[in-house]
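Since the structure comes first, as C-alpha cells, the remarks are kept for the end.
The values are calculated or read from the model by the stated rules, or taken from the named source; none is laboratory data. As the structure is a prediction and not an experimental result, all values here were calculated from the model. Positions of Cβ are backbone-derived with ideal geometry, glycine not excepted, and every protein chain shown enters the neighbour counts.
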Amino acid sequence: METLYITSPACHRHEMGSWHPECPERLDAVNDQLLSSGVLPLLDSFPSPRPATEAEVLRVHAESHLAHLKALSPASGYAAIDGDTLMNPHTLAAAFEAAGAGIAAVDSIMRGEANSAFCNVRPPGHHAESARAMGFCFFNNVAVAAAHALEHHGLERVAIVDFDVHHGNGTEDIFFDDPRVMMCSFYQHPFYPNLRREGSRDHMVNIPVDAYTTGFDLRQVVSDIWVPRLYHFAPQMLFISAGFDAHREDEMGQLGMVEGDYAWITDQLVALAERTAQGRIVSMLEGGYNLSALGRSAVAHIRSLSKL
C-alpha cells in the first residue's frame, strides 16, 4: 500500500506577512522537492481533506480557545495573537483544514487504504496548548488526529514522536495526564518556548539537548531512550510531529541534523510501527524554515516512510 500525501490549497492562504519565516512557500518547498526527486508520482495524492469539525477540534482544545480565535479573526489585514503569531482572514479556515488533514489520514489508514501518510499542511500545531495559540500554531493538528484515533476508532494506545528543534509544549500540555498517549521528543534547551510541564509522567519522554548537539548524538537519544520506551508502550498507531528546523542549515535553531538523520530516525519508527501498530503512521509537518533544507529533509523522511 502506498503512502498518502495530503495537502490543501487553503493552507497557502494563511500568511503572517512577507517578513515571516512561517510562510506559504514552505509547502511549495516540500512539494517541489518531491516532484523534482521523482517521489511525488509514487505517492497516493489525496484530494483536499474536509476541514475538521468544531467537535473534533474541541476534543483537545477548550471552547474558550476556539471562541477567542473566532472573535479575533480579522475581516482584513492581520490580528496578533503574540509578537510572531498572527491571523489573516484565511487563517481560521486553514487551521481547520490542517487539522482535518490529520483526521483524513487516520481514517484512510484505519480503512486499510494505506499504511502511512504525510500531511504537508500549515499552520503548524505542536505549540498550540489546550487553551492557547502561540508559536505560529493555532490548533494542535497532531493532537486532533491522535484524539480522533482514540475516540472515533477506539484505539487504546497511540504515540506521538516530535523531532522539531522546539519543544512541543502544546502536545505535552494536552496529553500530560492521558496515559493512552506516549509523547517522545528531543528539543534544543534552553530555547523557545521554555514551557515544559512541572512533574514527570511515564508516558512523557521529552529529552532536552544542548545547542550544537550533532545528528549522531540525537540518533543515540532515539536508540537508547525513545525506542525502548516505545516498544514497551506498544502503540497501535504512531504519529510524527515532523519539524525539520533541527537541520544544521536552519537558522531557527542550533542543532546539527542532516537529511540522513531524518531518514534514519524515520526508519526506526517504521520498524516500530510494523511491530506494534500494523505499520500505521501519520506524519504532520511542523517547523522547517530554510526552504532548501526543509524540502530535502522532507523528501528523505517521506522516502523512508514509504520505503522508497
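Taking first residues from the stretch 228-255 that are surrounded by fewer than 24 Cβ atoms within 10 Å (Cβ to Cβ) and partners that are among the charged types (D, E, K, R) and part of a loop (DSSP other than H, G, I, E, B), the Cβ contacts under 7 Å between residues at least 6 apart in sequence or on separate chains come to Phe233/Arg157; Ala234/Arg157; Gln236/Glu156; Gln236/Arg157; Met252/Asp245; Gly253/Asp245. Restricting attention to the stretch 277-308 and to residues that are among the small types (Gly, Ala, Ser), in a loop (DSSP other than H, G, I, E, B) and under 16 Å from Asn141 (Cβ atoms), the residue that is farthest from the chain's Cα centre (by Cα) turns out to be Gly288.
Matching residues to (1) more than 15 Å from the chain's Cα centre (by Cα); (2) not acidic (Asp, Glu):
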position: Asp164; (1), (2): no, no
position: His167; (1), (2): no, yes
position: Thr171; (1), (2): no, yes
position: Asp177; (1), (2): yes, no
position: Phe191; (1), (2): yes, yes
position: Ala211; (1), (2): yes, yes
position: Gln220; (1), (2): yes, yes
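Suppose the filter is under 30 Å from Asn115 (Cα atoms), under 18 Å from the mean Cα position of the chain (by Cα) and surrounded by 19 or more Cβ atoms within 10 Å (Cβ to Cβ); does Thr3 pass it? The answer is yes for Thr3.
Just one of the numbered conditions (1) β-branched (Val, Ile, Thr); (2) surrounded by fewer than 20 Cβ atoms within 10 Å (Cβ to Cβ); (3) closer than 19 Å to Ala101 by Cα is not true of Val270: (3). The single condition from (1) in contact (Cβ under 8 Å) with a residue 60 or more places away in the chain; (2) assigned to a loop (DSSP other than H, G, I, E, B) that Tyr212 fails is (1).
If you scan the stretch 132-145, which residues turn out to be surrounded by 24 or more Cβ atoms within 10 Å (Cβ to Cβ) and farther than 23 Å from Arg303 by Cα?
Ala133, Gly135, Phe136, Cys137, Phe138, Phe139, Asn140, Ala143, Val144
The number of residues in the stretch 118-131 being polar (S, T, N, Q) and surrounded by fewer than 24 Cβ atoms within 10 Å (Cβ to Cβ) comes to 1. Exactly one residue among Phe186, Phe216, Phe175 is in contact with a Phe, Trp or Tyr (Cβ under 9 Å, 6 or more places away or on another chain) and either within 23 Å of Val258 (Cα to Cα) or not polar (S, T, N, Q) (or both), and that residue is Phe186. Candidates in the stretch 43-90 are the residues that are of a type in the set (A, V, I, L, M) and touching a strand residue (DSSP E or B) at 6+ places or on another chain (Cβ under 8 Å); of these, the one that is nearest to Gly287 (Cα to Cα) is Leu86. Any chance the stretch 9-22 includes a residue that's in a strand (DSSP E or B) and under 22 Å from Asn140 (Cα atoms)? Looking through the stretch 9-22, none of the residues is in a strand (DSSP E or B) and under 22 Å from Asn140 (Cα atoms). Of the residues making up the stretch 238-276, those that are of a type in the set (D, E, K, R) and part of a helix (DSSP H, G or I) are Glu259, Asp261, Asp267, Glu274, Arg275. Of the residues making up the stretch 6-19, those that are under 16 Å from Tyr78 (Cβ atoms) and either loosely packed, with under 15 Cβ neighbours inside 10 Å or in contact with a Gly (Cβ under 7 Å, 6 or more places away or on another chain) (or both) are Gly17, Ser18, Trp19.
Grab the helices (runs of 4 or more DSSP H) fully contained in the stretch 28-117, keeping just those with 1 or more residues being surrounded by 14 or more Cβ atoms within 10 Å (Cβ to Cβ), modelled with pLDDT of 95 or more and of a type in the set (D, E, K, R). Quick ask: steps written out before the conclusion?
Numbers: elements: 54-57, 63-72, 91-110.
In the stretch 28-117, 54-57, 91-110 are the helices (runs of 4 or more DSSP H) which contain 1 or more residues that are surrounded by 14 or more Cβ atoms within 10 Å (Cβ to Cβ), modelled with pLDDT of 95 or more and of a type in the set (D, E, K, R).
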